[in-house]
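Following: one structure in structure tokens, then a few remarks.
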Amino acid sequence: MKSPLNARNLIVALVALGLLLLPAYSAVTGNIFILTLFTRIVIFALAAASLNLIMGYGGMMSFGHAAYLGIGGYAVGILAYEGVGSGFIQWPVALIVSALYALVIGALSLRTRGVYFIMITLAFAQMAYYIASGLSRYGGDDGLTIYKRSDFGGIIDLSNRVQFYYLCLACLFGGVYLIWRIVNSRFGMVVQGVRSNEQRMQAIGFHANRYKLVCFVISGTICGLAGALLANNTDFISPATMYWTRSGDLMVMVILGGMGSLFGPVIGTIVFLVLEEVLSQFTEYWALIMGPLLLLIVLFARGGIMGVLGRFSRG
């Protein structure tokens, strides 16, 4: 039997513990910035985990996943602008709209394969970007400022940094747990089987596109939740959130951490955004340093960081 105590599981446990204790460290050291930074990291980790569900487990290389971040954020921002401040209304609307958009994109995109699938998802994301840019009532290209965060009737105060951080962390852990349950369910096994050999799965009676579409919608809905959190975190939402480069960032986070591993996207997001923050302190051309570093990791660390840790665990 394999021992549950190996390098990979130990790193995952330490990262989870570190995330839980981060507010205490911030309070003791007086470092408020680190709490702000990791709130952003946790939100993007949830978005990356949702992409991993379709990309890592479903084999669907979506290049337009950031569209759901923007849709979830705009749902919160527009309702707040129109005077609807209740989170009990804003957040379900964000999830529903994200799910519907994912349903439309999935229903059309899944008719194609390979590079055509990638390009169609990219095209739909850019469509959402241009629609948001044209919403002059809600800021257009300049974006929409959210003057008041979602109100949950005193149950939780999103203006409190610590409470909001723990809410984001609970959403991340809940999202990862949901993905774990999906992946290890009969439904998840079918989705992974379709990724491996779609023709064989169809031959034994499974309607591949139906399973993939449901998986696609679940992924978009989880990312819409990340968008609602992001809008509350920044008190602002703009079309730039949906731009194709943001989708590229999410893909890098997944690949860097380990595509098809449960906690890989979380590790990848932490490494990516911490590197981005550290390098940007030294030079405005930080991307010229980040690019080769990520390229080396992808080329020489097959399976991402989690893959390296897994091989180290096996000796």
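The values are calculated or read from the model by the stated rules, or taken from the named source; none is laboratory data. Predicted model only: the values in this text are computed from it and were never measured. Here the Cβ is made from the backbone with ideal geometry for all residues, glycine too, and neighbour counts use every protein chain on show. Protein only, heavy atoms only, side chains kept; ligands, DNA and RNA dropped before computing areas. Shrake-Rupley method; radii C 1.70, N 1.55, O 1.52, S 1.80 Å.
Comparing ILE71, VAL97, PHE312 along the charge dipole axis of the chain, the residue lying farthest to the positive side is PHE312, per the Cβ-charge model. Give me the percent of Cα-Cα pairs in the range 72-125 that sit more than 15 Å apart, rounded to a whole number. Summing the P(r) of the range 72-125 above 15 Å gives 54 percent of all pairs. What translational D, rounded to a whole number of µm²/s, comes out for the range 209-259 from Stokes-Einstein when the hydrodynamic radius is the Kirkwood one over Cα pairs, at 37 °C and 0.692 mPa s? Result for D is 261 µm²/s. Annotation: the range 7-314 has a Kirkwood hydrodynamic radius of 19.8 angstrom, from the mean reciprocal C-alpha pair distance. Of the DSSP H helices in the chain, those that are both long (alpha-carbon extent of 18 Å or more along the helix axis) and hydrophobic (Kyte-Doolittle mean at least 1.6) are 7-29, 32-55, 87-109, 286-300. Name the shape class, rounded, prolate or oblate, that the alpha-carbon gyration tensor gives for the range 116-165, where a ≥ b ≥ c are the square roots of its eigenvalues, rounded holds for a/c under 1.5, and otherwise prolate holds if a/b is larger than b/c and oblate otherwise. The shape class here is oblate.
I'd like the distance between the alpha-carbon centres of the range 165-201 and the range 234-275, rounded to an integer number of Å. Spelled out, the Cα-based centre of one part sits 18 Å from the other. Amide H contacts of SER86: ASP151, each under 5 Å away and 5 or more positions distant or on a separate chain (H built 1.01 Å from N in the peptide plane; Pro and chain starts excluded). Placing +1 on the Cβ of every Lys and Arg and -1 on the Cβ of every Asp and Glu, with no other charges, gives the range 98-226 a dipole of roughly 500 debye about its Cα centre.
Look at the alpha carbon pairs under 8 Å that are at least 6 residues apart: their mean separation over the length of the chain gives a relative contact order of 32 percent. Net charge in the neighbourhood of LEU256 (other residues with Cβ under 14 Å of its Cβ; Lys, Arg +1, Asp, Glu -1) is -1.
Among the trypsin sites (Lys or Arg not before Pro) within the range 1-101, those in coil by DSSP and having at most 16 neighbouring Cβ atoms inside 10 Å are LYS2. Taking the chain as a Gaussian network of alpha-carbon nodes connected by springs under 10 Å, the highest mean-square fluctuation of the residues PHE206, PHE187, PHE282 belongs to PHE282.
Of the trypsin sites (Lys or Arg not before Pro) in the range 233-315, the ones in a loop by DSSP (not H, G, I, E or B) with at most 12 other beta carbons within 10 Å are ARG302, ARG314. A Stokes-Einstein calculation at 37 °C with viscosity 0.692 mPa s, built on the Kirkwood radius of the range 128-199 over Cα pairs, returns a diffusion coefficient of 201 µm²/s. The residues of the range 82-236 expose, per residue, 52 Å² of accessible area to a 1.4 Å probe. The ILE34 and ARG311 beta-carbon pair, evaluated with R₀ = 45 Å, returns a calculated FRET efficiency of approximately 0.90. Diffusion coefficient (Stokes-Einstein, Kirkwood radius over C-alpha pairs, 20 °C, 1.002 mPa s) for the range 1-144: 119 µm²/s, rounded to a whole number. With Cβ to Cβ distances under 10 Å as the rule, what net charge do the other residues near TRP286 carry (K, R +1; D, E -1)? Net of charged neighbours comes to -3. When TYR74, TYR25, TYR211 are compared by accessible area of protein heavy atoms, the largest-first order is TYR25, TYR211, TYR74, using a 1.4 Å probe. Using the Cβ of PHE206 as centre and a radius below 13 Å, the other residues enclosed give a net charge of +4, where K and R count +1 and D and E count -1. Taking amide H as placed 1.01 Å from N in the peptide plane, PHE236 has its amide H under 5 Å from the amide H of ILE146, each at least 5 places away in sequence or on another chain.
Within the range 130-278, the proportion of Cα pairs with more than 26 Å between them is 41 percent.
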